[in-house]
1. Answer yes or no as to whether Ala16 is more than 29 Å from Asp65 (Cβ to Cβ) and modelled with pLDDT under 95.
2. Give just the number: which of (1) in a helix (DSSP H, G or I); (2) open to solvent by 30 Å² or more (accessible area, probe 1.4 Å) does Leu92 not satisfy?
3. Tell me, please, whether a residue that is over 24 Å from Leu144 (Cβ atoms) and within 16 Å of the ligand (Cβ to nearest atom) can be found in the stretch 40-47.
4. Starting from residues that are of a type in the set (Gly, Ala, Ser), under 18 Å from Leu117 (Cβ atoms) and open to solvent by less than 20 Å² (accessible area, probe 1.4 Å), keep the ones in the stretch 54-72 and report whichever is farthest from the chain's Cα centre (by Cα).
5. Assuming Ala75 fulfils every condition listed in (1) within 11 Å of the chain's Cα centre (by Cα); (2) open to solvent by less than 60 Å² (accessible area, probe 1.4 Å); (3) within 8 Å of the ligand (Cβ to nearest atom) apart from one, which condition is it?
6. So which of Thr85, Thr41 is closer than 21 Å to Thr124 by Cβ and out of contact with any strand residue (DSSP E or B) (no Cβ under 9 Å at 6 or more places or on another chain)?
7. Are there any pairs with C-beta distances below 8 angstrom linking a residue in the stretch 107-123 that is over 16 Å from Asp70 (Cβ atoms) and hydrophobic (A, V, I, L, M, F, W, C) to a residue that is open to solvent by 20 Å² or more (accessible area, probe 1.4 Å) and near the ligand (Cβ under 8 Å from one of its atoms), with the two at least 6 apart or on different chains, and if so which?
8. Which residue pairs have Cβ atoms closer than 7 Å, lie 6 or more positions apart in sequence or on different chains, and pair a first residue in the stretch 66-93 that is of a type in the set (Val, Ile, Thr) with a second residue that is within 8 Å of the ligand (Cβ to nearest atom) and open to solvent by 30 Å² or more (accessible area, probe 1.4 Å)?
Amino acid sequence: MLPASIRAAGEEDVAALFSLNLQAADATWSEQNLSRYCQGTRYRCLLAERGQETLGFILYSQVCDEASVDNIVVARAAQRSGLGTALLNEALGAMAVAGAGRCLLEVRRSNTAARKLYARSGFTLDGVRARYYATARGREDALLMSRRL
Ligand SMILES: CC(C)(COP(=O)(O)OP(=O)(O)OC[C@H]1O[C@@H](n2cnc3c(N)ncnc32)[C@H](O)[C@@H]1OP(=O)(O)O)[C@@H](O)C(=O)NCCC(=O)NCCS
């Protein structure tokens, strides 16, 4: 099997990103929001693919020396094979090259997979936004994490 490759996403990838997000994660990202990350200015998107198949993506943004990971999604069938780590590492490297000194993110307390991924990549807990996210059963906390680049 071919290894997955990672590249910057463009406007032509928005439909594939939208579809992957619907299948693999929560459906709160509109095509319009995703499109903003494919225009390559302050907001950026890296996409992982194998042949024609989109396997994952990471959305990040940067203002001066501070960057943030805004979303990361890997197709269910491709999860737990290192792709999330590869996308995150690629994005962190690009942020550092672009002059960021710190990367921030927010993650749901219940999202064990994402929390482990971030912790393994050097992110530590800075604080908690209590009851920040809506859930089917009420509200849940956002954990605020960051790491130096
Ligand atoms: C979070 C996510 C991107 C991880 O992608 P991935 O490609 O599976 O990540 P990796 O294979 O690089 O895994 C890295 C580490 O994260 C942890 N991890 C990943 N998935 C996990 C799971 N289902 N349960 C527990 N730990 C998990 C493990 O420590 C793993 O390392 P290991 O496999 O050597 O034990 C993926 O689960 C996903 O798309 N989830 C849905 C979308 C989402 O919640 N995004 C985060 C928004 S903040």
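The values are calculated or read from the model by the stated rules, or taken from the named source; none is laboratory data. Since the structure is predicted, the reported quantities are computational estimates derived from the model, not experimental observations. Positions of Cβ are generated from backbone atoms using ideal geometry, with glycine treated the same way; all protein chains shown enter the neighbour counts. The accessibility values were calculated without ligands, DNA or RNA, using every heavy atom of the protein model including side chains. Shrake-Rupley method; radii C 1.70, N 1.55, O 1.52, S 1.80 Å.
1. On the way: more than 29 Å from Asp65 (Cβ to Cβ): yes; modelled with pLDDT under 95: no.
It is false that Ala16 is more than 29 Å from Asp65 (Cβ to Cβ) and modelled with pLDDT under 95.
2. It is condition (2) that Leu92 fails.
3. Going through the stretch 40-47, the residues over 24 Å from Leu144 (Cβ atoms) turn out to be 40-41, 47.
If we keep only those that are within 16 Å of the ligand (Cβ to nearest atom) too, we end up with 47.
Looking through the stretch 40-47, at least one residue is over 24 Å from Leu144 (Cβ atoms) and within 16 Å of the ligand (Cβ to nearest atom).
4. So the first thing to find is which residues in the stretch 54-72 are of a type in the set (Gly, Ala, Ser), and the list is 56, 61, 67-68.
Those still in the list that are under 18 Å from Leu117 (Cβ atoms) too: 56, 67-68.
Checking the rest, the ones that are also open to solvent by less than 20 Å² (accessible area, probe 1.4 Å) come to 56, 67.
Working: Gly56: 9, Ala67: 12 Å.
Filtering first and then ranking leaves Ala67.
5. Condition (1) is where Ala75 drops out.
6. Numbers: Thr41 fails: closer than 21 Å to Thr124 by Cβ.
Residue meeting the stated conditions: Thr85.
7. Filtered contacts from the stretch 107-123: Ala113/Gln79.
8. That search, which allows pairs on different chains as well, returns Val73/Ala25; Thr85/Leu117.
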